[in-house]
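**Student:** Here's a structure for you.
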Amino acid sequence: MSTLRITLGLAAAVILAGGSAAAQQPAAATYKREVPDSLRAQAKVSEDSARGLALVRVPGGTVQALELEREHGKLIWSFDIKVGGKPGITEVNVNALDGSIVGIEHEAH
């Protein structure tokens, strides 16, 4: 049981720290991505780490689209997340410099 706790703790630490050099490369995305190279070079939080943080806020969700953008002077990863069986999309914005959640908004369609 303690080995499982250690493994889970290490996994959480890797996600929060931005992962290893290999994890800095985005996984094969199955969603729409708008990630300009000029902005990606400025991000300190990887796409994979930001996606993990966003999905924690929308349990059971699936990323539909992602954009790395400057909004209100902040560099953010903006995720559109859909939960099966529920109407609308939840937008989760993750600060690309420190990993903090800077906004969550549900858009009912």
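**Student:** From the list 73, 52, which one is out of contact with any Leu (no Cβ under 7 Å at 6 or more places or on another chain) and surrounded by 15 or more Cβ atoms within 10 Å (Cβ to Cβ)?
**Tutor:** 52
**Student:** Specify which of the listed residues (48, 98, 80) is in contact with an Asp or Glu (Cβ under 8 Å, 6 or more places away or on another chain), of a type in the set (Asp, Glu) and at pLDDT 95 or above.
**Tutor:** Being in contact with an Asp or Glu (Cβ under 8 Å, 6 or more places away or on another chain), of a type in the set (Asp, Glu) and at pLDDT 95 or above holds for just one of 48, 98, 80, which is 80.
**Student:** Give the number of residues within the stretch 81-103 that are buried (at least 19 other Cβ atoms within 10 Å of the Cβ) and touching a residue at least 40 places away in the same chain (Cβ under 8 Å).
**Tutor:** Counting residues in the stretch 81-103 that are buried (at least 19 other Cβ atoms within 10 Å of the Cβ) and touching a residue at least 40 places away in the same chain (Cβ under 8 Å) gives 4.
**Student:** Test residue 58 against the criterion of being closer than 16 Å to residue 31 by Cβ and over 10 Å from the mean Cα position of the chain (by Cα), and give yes or no.
**Tutor:** It is true that residue 58 is closer than 16 Å to residue 31 by Cβ and over 10 Å from the mean Cα position of the chain (by Cα).
The values are calculated or read from the model by the stated rules, or taken from the named source; none is laboratory data. In this text, all values refer to a predicted model and were calculated from it rather than measured experimentally. Reconstructed Cβ throughout: ideal geometry from the backbone, glycine too, with neighbour counts over all protein chains shown.
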